[in-house]
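Report on one structure; see the data block that follows.
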Amino acid sequence: NRSNVVTLSITAEGLSPTDQQLRRTIASIIQHLEVETAGPRIDEWWAWADLAQFYLLNGEGEKARRCYVSARSKTGATAEEVKRHATILGELAEHTAASAPQVSASIRAAIGELS
């Protein structure tokens, strides 16, 4: 649920991923998801997709790419799941374009790679 709160904070409330409080929350989510994707949720698409999304929001595009590679090889994600995630990323890219243009560009690149 914290993932949804961060996403909505950016898309609905207009917060930037560079906001210090939001950065702390993103770092905490990343730490949690790193543990989850290495253990009990290793085969869950959405855990990997969320981790990649938060790497992107944290300016760590290469880590996000590695997550997507792992996600596709370990989870058997459906085309619809990937498409839904790309839609979420598109919303984030749009809402971060002005406040965090490098983050937005990285998200757009990830969308291109997922398509």
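In degrees, nearest 10, range 0 to 90: what is the angle between the Cα axis of helix 20-38 and the longest Cα principal axis of the chain?
0 degrees
By how many degrees, between 0 and 90 and to the nearest 10, does the Cα long axis of helix 61-75 differ from the longest principal axis of the chain?
The two axes meet at around 30 degrees.
Got a sec? What order do D43, D19, D50 fall in by accessible area at 1.4 Å, biggest, i.e. largest, first?
Working: D43 95, D19 55, D50 35 Å².
Largest to smallest exposure gives the sequence D43, D19, D50.
Helix 79-96 versus the longest principal axis of the chain: what is the Cα-based angle in degrees, 0 to 90, to the nearest 10?
Taking Cα atoms only, the helix is inclined about 20 degrees.
The values are calculated or read from the model by the stated rules, or taken from the named source; none is laboratory data. These numbers were taken from a predicted model, which means no experiment stands behind them. For the accessible areas, the whole protein counts, side chains as well, though only heavy atoms, and no ligand, DNA or RNA atoms are used. Shrake-Rupley method; radii C 1.70, N 1.55, O 1.52, S 1.80 Å.
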